[in-house]
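Participant: So that we are looking at the same thing, I have put the structure below in structure tokens.
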Amino acid sequence: MTEVLTFFVLEFPLSRPAVVPGVDVVDERILLSRVKAGDREAAEALVSRTYAGVFAALCRMTGGDRDLAADLSQETYRKAWEALPGFDGRAQLSTWLFRISYNTFLNHVRRPHRIVPLDEAQASAAVDPELSSEERLSEKDEAARLRRAVLELPEELRYVVTAFFWAEVPVREIARQVGVTTVAIRKRLKRAYSRLGEAVA
């Protein structure tokens, strides 16, 4: 089970946020206040600092569909701008954005979608020449089974797992946002591991 989780976590590593000249972590509140005041440069700096993490987490949630992850990232920021006046700064900005991206993804999953078949040209372009067909099928099946198992977890476990593994949100920060202790979060992670282990065994 540990190997399966490690594989899925490392499949889409989080990139280090872009460095914004003159703005460090301590200045995040100042940056946010500038965004709330309508400062376009501050808004661009905010996206530059956070986009890589949001996109990577959505890549994991979508099973590696980068186009869909990009669309959902845009929707995440649209919703974030609308909700920004109500953001009080008690949670870290990255945690708050992950929660919005998580809900955006779940809304997408719950909507009915038209299935578009993959034509031969697209299929051949998607093939990794370094892997044999058996290896590709094995990795794809393993990742799909784990992703499906995560999405079928009860909400309180699913959010903790996706936040911790797919967005690398610290346990302390998840606990603060959910309103429970860090011990409770670790217990939820342990319960989730057990369920995921059974689901992908």
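Participant: Expressed as a fraction of 2.2 N^0.38 Å, the rule-of-thumb size for a compact globular protein of N residues, what is the C-alpha radius of gyration of segment 145-196?
Facilitator: The reported ratio for this selection is 1.03.
Participant: Could you work out how far apart the two model spin labels at A184 and E142 are, taking each label as a point 7 Å from the Cα in the direction of the beta carbon, and quote it in nm?
Facilitator: Between A184 and E142, the simple spin-label model gives 3.5 nm.
Participant: How much length is gained if the chain between D88 and E168 is pulled fully straight, taking 0.36 nm per residue apart and subtracting their Cα-Cα distance, in nm to one decimal?
Facilitator: Contour length minus the Cα-Cα distance gives 26.6 nm.
Any read-out appearing in this document is the output of simple, stated calculations on the displayed coordinates, not a laboratory observation. Keep in mind the model is a prediction, meaning the values are calculated, not measured. Cβ: placed from backbone, ideal geometry, glycine included. Neighbour counts: every protein chain shown.
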